[in-house]
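The values are calculated or read from the model by the stated rules, or taken from the named source; none is laboratory data. Predicted model, so just to flag it, every value in this text is computed and none were measured. Here the Cβ positions follow ideal geometry from the backbone for every residue, glycine too, while neighbour counts run over all protein chains shown. Ligands, DNA and RNA are excluded from the accessible area calculation, which covers all protein heavy atoms including side chains. Shrake-Rupley method; radii C 1.70, N 1.55, O 1.52, S 1.80 Å.
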Amino acid sequence: MEPMPSVERLTDRFDPRDAGRLAVLDTIRGSEGIARIDIAESTGLSPATVTSITADMLAAGLIEEILPEEKTGGTRRGRPRVLLKLRGAAHRIAGVKVTQKSVTVLVIDFEGHEIASREDPLSTPRMTGPQLARTVAEAVDRTCADAGLVRRDLSAVGIGLAGQIDASRNHVYWSSSLSARNVDLGPALAEEFACPAFIDNDANLVAKAEHIFGMGRALSDFLVVTVEHGVGLGMMIGGKLYRGTRGCGAEFGHTKVQAHGALCQCGQRGCLEAYVGDYALLREAHMSAADADHQDVTDLFAAARDGDPIATEVIDRAGNMFAMGLANLVNIFDPELIILAGTEVARRPMFEPWVIDKMKRLVVDVDVPLPDIKVNQWGNLMWAKGAAAYAMEQVTILTLRELGQNVA
């Protein structure tokens, strides 16, 4: 199977009618139910064009008509306006997040409603490309089975990995989940799935989820900073994900904060991630105290709260580094919002008020408010939901393209 191009590149090939269809569907997706005349006003398309496009979508089963609920106590004249909404059963989509320890799968319908989800442990943190594709497929099978579905019921699968990824061709330059560099995952995924499968950097997918479902829904410019095993950044600029010319943009965790500093898992030294990532925190604690027995970062955080001097020193240094990194993001991008995301966010010292206060002191001082900084509280499923959101966007483009060919 030929690797699927990214949404941005797909939309670049749209003719004006294709772009109109996408605008109409995005407008319907952003509402619980919307009339045709309101779609026309929102998109700038003529009422006649909207009527034609929505007729095609109704015939294809992508949307459905609903009548607004009647309000009690009042009079109403004339026929009620028929509203349009997405038809949830049009597509079922799986989103997958692969970490060092587990694989999480979320299956949603075309409206974004959860059908099934589960998280399973991994026996090994690093795999070959075919092994990873097989592991993902087996996890998807188990999740589908929970809902009485099979893999063939899916229209698309989205997969989020940590690392440097060219989403336009399903190519992984490097990931902590893979045992080799420069892995072309497209063929391996095509062997496992009959439907299109898409991969992207996991931080990008959290940004995509926030843009479609979350705190970034009404914003065109915001950043998502993720902190877990590593440190990631998803950048939404002008309503689109920014990936860079090679698909490797927004590598916040690999910006340098210390010349000839600590060794990063990417192979270089002095990266922010080498001081802030989970593996870096544990490494520093164990190097500083021979008798340290922290099993994971949760143990380390607890030790710091209990006043352990080594744990406190490790956390303080990481917090200072993280504050410096956040200040650099604000100084460079000046976003509307920065969302901090990661599992067990309530326990992460890097998200505590003192870190944010230090960041504010490092930002260039101008007489306007700083960007809002909010903490994502979705939990483990946020990553899989981002992958599902990305796959949903991709399959929407493909479906609209097919619809355009059928009515041409």
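Restricted to region 224-272, and to residues that are buried (at least 24 other Cβ atoms within 10 Å of the Cβ) and more than 19 Å from the chain's Cα centre (by Cα), which residue is farthest from Pro349 (Cα to Cα)?
Ranking the qualifying residues of region 224-272, first place goes to Cys271.
Specify the residue that is nearest to Arg151 (Cα to Cα); the eligible residues are those in region 82-129 that are among the polar types (S, T, N, Q), surrounded by fewer than 21 Cβ atoms within 10 Å (Cβ to Cβ) and within 18 Å of the chain's Cα centre (by Cα).
For region 82-129, the residue satisfying everything is Ser117.
Identify all residues within region 27-51 that are of a type in the set (D, E, K, R) and either over 26 Å from the mean Cα position of the chain (by Cα) or open to solvent by less than 40 Å² (accessible area, probe 1.4 Å) (or both); write none if there are none.
Start the filter on region 27-51 by keeping residues that are of a type in the set (D, E, K, R), which leaves 29, 32, 36, 38, 41.
Those that are of a type in the set (D, E, K, R) and either over 26 Å from the mean Cα position of the chain (by Cα) or open to solvent by less than 40 Å² (accessible area, probe 1.4 Å) (or both): Arg36, Asp38, Glu41.
Which fully enclosed strands (runs of 3 or more DSSP E) of region 142-205 have 2 or more residues being open to solvent by 10 Å² or more (accessible area, probe 1.4 Å) and at pLDDT below 95?
By residue number, 164-166, 171-174.
What's the number of the condition Trp383 fails, among (1) open to solvent by 50 Å² or more (accessible area, probe 1.4 Å); (2) over 19 Å from Ala274 (Cβ atoms)?
Only one criterion is unmet by Trp383, namely (1).
Counting only residues that are under 25 Å from His254 (Cα atoms) and more than 29 Å from the chain's Cα centre (by Cα), which one in region 280-309 is least open to solvent (accessible area, probe 1.4 Å)?
Filtering first and then ranking leaves Ala285.
Name the residue, out of Glu119, Glu111, that is among the charged types (D, E, K, R) and assigned to a loop (DSSP other than H, G, I, E, B). Step through it out loud before you land on a result.
On the way: Glu119 fails: assigned to a loop (DSSP other than H, G, I, E, B).
Exactly one residue qualifies, and that residue is Glu111.
Can you name every residue in region 206-218 that is surrounded by fewer than 20 Cβ atoms within 10 Å (Cβ to Cβ) and either closer than 12 Å to Ile159 by Cα or β-branched (Val, Ile, Thr) (or both)?
Those that are surrounded by fewer than 20 Cβ atoms within 10 Å (Cβ to Cβ) and either closer than 12 Å to Ile159 by Cα or β-branched (Val, Ile, Thr) (or both): none in region 206-218.
Kindly establish whether Ile53 is at pLDDT 95 or above and touching a helix residue (DSSP H, G or I) at 6+ places or on another chain (Cβ under 9 Å).
Values: at pLDDT 95 or above: no; touching a helix residue (DSSP H, G or I) at 6+ places or on another chain (Cβ under 9 Å): yes.
For Ile53, the condition - at pLDDT 95 or above and touching a helix residue (DSSP H, G or I) at 6+ places or on another chain (Cβ under 9 Å) - is not met.
Checking Ala323 against (1) aliphatic (A, V, I, L, M); (2) open to solvent by 10 Å² or more (accessible area, probe 1.4 Å); (3) in contact with a helix residue (DSSP H, G or I) (Cβ under 7 Å, 6 or more places away or on another chain), which single condition isn't satisfied?
Of the numbered conditions (1) aliphatic (A, V, I, L, M); (2) open to solvent by 10 Å² or more (accessible area, probe 1.4 Å); (3) in contact with a helix residue (DSSP H, G or I) (Cβ under 7 Å, 6 or more places away or on another chain), the odd one out for Ala323 is (2).
If you check Val157, Val136, which single one turns out to be touching a Pro at 6+ places or on another chain (Cβ under 8 Å) and under 21 Å from Leu205 (Cβ atoms)?
When all the criteria are applied, what remains is Val157.
Pairs please, first residue from region 284-309 and at pLDDT below 85, second anywhere and open to solvent by 50 Å² or more (accessible area, probe 1.4 Å) and assigned to a loop (DSSP other than H, G, I, E, B), Cβ atoms under 6 Å, 6+ apart in sequence or on different chains.
Qualifying pairs under 6 Å: none.
Would you check which residues across region 259-283 are of a type in the set (S, T, N, Q) and free of Cβ contacts under 8 Å to residues at least 60 places away in the same chain and list them?
Gln268 - this is the single residue of region 259-283 that is of a type in the set (S, T, N, Q) and free of Cβ contacts under 8 Å to residues at least 60 places away in the same chain.
Just to verify a result, which residue in region 206-223, among those that are assigned to a loop (DSSP other than H, G, I, E, B) and either small (Gly, Ala, Ser) or modelled with pLDDT of 95 or more (or both), is nearest to Ala384 (Cα to Cα)?
Within region 206-223, the match that is nearest to Ala384 (Cα to Cα) is Gly214.
For region 246-268, state whether one or more residues are assigned to a loop (DSSP other than H, G, I, E, B) and basic (Lys, Arg).
yes
When region 131-140 is examined, which residues are found to be open to solvent by 50 Å² or more (accessible area, probe 1.4 Å) and within 13 Å of Phe193 (Cβ to Cβ)?
Here is the first cut: in region 131-140, the residues open to solvent by 50 Å² or more (accessible area, probe 1.4 Å) are 131, 134, 138.
Hits for region 131-140 are Arg134, Glu138.
When residues of region 357-385 are filtered for being in contact with a strand residue (DSSP E or B) (Cβ under 6 Å, 6 or more places away or on another chain) and modelled with pLDDT of 85 or more, how many remain?
So the answer is 7.
Open to solvent by 10 Å² or more (accessible area, probe 1.4 Å), closer than 18 Å to Glu119 by Cβ and within 26 Å of the chain's Cα centre (by Cα) - does that describe any residue in region 365-374? Before you say what the answer is, go through the steps one by one.
If we filter region 365-374 for residues that are open to solvent by 10 Å² or more (accessible area, probe 1.4 Å), which is where we start, we get 365-374.
Right, trim to closer than 18 Å to Glu119 by Cβ and you get none.
No, because not a single residue in region 365-374 is open to solvent by 10 Å² or more (accessible area, probe 1.4 Å), closer than 18 Å to Glu119 by Cβ and within 26 Å of the chain's Cα centre (by Cα).
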